[in-house]
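No lab work stands behind these numbers, since they all come straight from the coordinates. No experiment lies behind these values; they were computed from the predicted model shown. All Cβ positions, even for glycine, are placed from backbone atoms using ideal geometry, and neighbour counts span all protein chains on display.
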Amino acid sequence: MKDSKITKKKSSKIDATKKLAEKIKQQALKNQQSTTTTTTTASTSSTTITPIEVNPDEELKFKSFSELKLVPELLESIQSMKFTKPTPIQSEAIPHALEGHDIIGLAQTGSGKTAAFAIPILQALWEAQSPYFALVLAPTRELAFQIKETFDALGSTMGLRSVCIVGGMDMMDQARDLMRKPHVIVATPGRIMDHLETTKGFKLKDLKYLVMDEADRLLDMDFGPALDRILKVIPTKRTTYLFSATMTNKIEKLQRASLHNPVRVAVSSKYQTADNLVQSMMLVHDGYKNTILIHLLSEYEGKLIIVFTRTVAHAQRTALLCRILGFNAVPLHGQLSQAQRLGSLNKFKSRSANILIATDVAARGLDIPSVDVVINYDIPTDSKAYIHRVGRTARAGRSGKSISLITQYDLEMYLRIESVLGKKLPKEDMPPKEVLDALHPNVDRATAEAIRQTKELHEKRGKRRNRDDADREER
């Protein structure tokens, strides 16, 4: 009898233990499901994108900047810059940006992207008036200076302080500029990272806005590690704008790492050229390429022309060739100092030199609305680079013309470009044979002289570099 009672008591304890274990198990499952749901929701909220495809032909979201609730000082600057009607990317992106959303803007160069992110930042800055308010990252020095010019013009009546921090300039001068506590910093990633690591007292812990312009090119140019380091030292609680010509896998990863619940605004999801651009090609013999170029420059005398070459040596030599033959030409390439590059650009913009001989450093980002003709002296190896090159003309509603010189060695690359364009380019008529024959001997002599001068220039640069290296070693 006693044993039976003990057995029942044990059985009762076991049942209670089992019930408790089951209860704990059920509670644990419930908590796990709750955590999973929360994590999923959080993950979804951080990566959810509201896609907005913008048809440039459709009615704009707002037709005049005066419809927006912008401060009068900003409106005054917009009007003085003659921004009468917003572009499609501005019309769709600015209202979302003014509401505080992160933005992914997909649009080609020349679409008005800079104003699309500058206007919301300046509107927010009017209320905050705090230093180190916004950081804009750009892939090239030229684009960085151009973005700064736009900010300066839009913020001219607001007391805006801005600075451009790029390579090729004195670090100490830049450090002094940063210590003056500018509101907006426009920079290339490598140089701003240098200052974050070495300039005492310079921090971006209170940064409110981050812009990555031409983000696809930032990543193509191997700025990825610098971007990662920048993202680690700036606040996670900020507003971020990412602008790019295309949405690549690298951009997707960057967006997931740095944007919170962004609105994606895409004006054009595929590569295309402007409708008002007349494109053509000319089949040329390699030995007559310079002669045909000089003939074309004579044909379009007085027009604003950009001639694109594939290499720095070609750009330098061709600029010298043009100058020897009496044309007002200036070079633009990566081996020039920053002062020389800006000097060439300013001469071209002011028309004191109407011909710019450039590598692909000028293919993207530069906003020179009145370029009449683009000549591809060398065909680019990348089809997308062709789109960007010819996009330097036919901007802001103007018409433009592009001519590509195709030799027997360029046919494969040319066919790839036609495939991307989805159409064949019409053939440009060759100049009459008698005209080329009369011109060729003079061009040949001038080419030989240009090659000699180019070689001399390289030797001088080499000696200067050696002297600089020796000086550094002595110090």
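Label reach from Ser370 (point 7 Å along Cα→C-beta): in region 314-344, amide nitrogens under 19 Å belong to 328-330, 343-344.
Estimated at 0.36 nm per residue, the fully extended path between Glu459 and Asn346 surpasses their Cα-Cα distance by 38.0 nm. Working from label points 7 Å from Cα in the Cα-to-Cβ sense, the Glu197 to Tyr409 distance is 3.9 nm. Given +1 at the Cβ of Lys and Arg, -1 at the Cβ of Asp and Glu and no other charges, the dipole of region 191-287 around its Cα centre is 760 debye to the nearest 20.
If only the Cβ of Lys and Arg carry +1 and only the Cβ of Asp and Glu carry -1, the dipole of region 50-266 around its Cα centre is close to 700 debye.
Going from the fewest other Cβ atoms within 10 Å to the most, the residues Lys427, Lys232 appear in the order Lys232, Lys427. Among the listed pairs Lys303/Lys427; Lys85/Lys205; Lys61/Lys253, a Cα-Cα separation exceeding 32 Å is found for Lys85/Lys205.
Could you work out how far the C-alpha centroid of region 343-387 sits from that of region 62-79, in angstrom? Here the answer is 32 Å between Cα centres.
Ranked by how many other Cβ atoms sit within 10 Å of their own Cβ, fewest first, the residues Asp102, Asp382, Asp275 fall in the order Asp275, Asp382, Asp102. Each label point is 7 Å from the Cα along the Cα-to-Cβ direction; what then is the distance between the points at Gln79 and Asp228, in nm? So the label points at Gln79 and Asp228 sit 5.0 nm apart.
A straight line joining the Cα centroids of region 205-280 and region 402-442 runs 35 Å. In the structure shown, do any of Lys423/Lys455; Lys148/Lys232; Lys424/Lys455 have a Cα-Cα gap over 31 Å, and if so which? With Cα atoms farther than 31 Å apart: Lys423/Lys455; Lys424/Lys455.
Decide, for region 80-130, between rounded, prolate and oblate: order the square roots of the alpha carbon gyration tensor eigenvalues as a ≥ b ≥ c, take rounded if a/c falls under 1.5, and otherwise choose prolate if a/b is larger than b/c, else oblate. Oblate. Taking Cα centre as origin and charging only the Cβ of basic (Lys, Arg, +1) and acidic (Asp, Glu, -1) residues, the dipole magnitude of region 277-461 rounds to 680 debye. Each of Leu366, His285, Leu439 was scored by the projection of its Cα onto the charge dipole of region 277-461, and the greatest displacement toward the positive side belongs to Leu366; charges sit on the C-beta of Lys, Arg, Asp and Glu.
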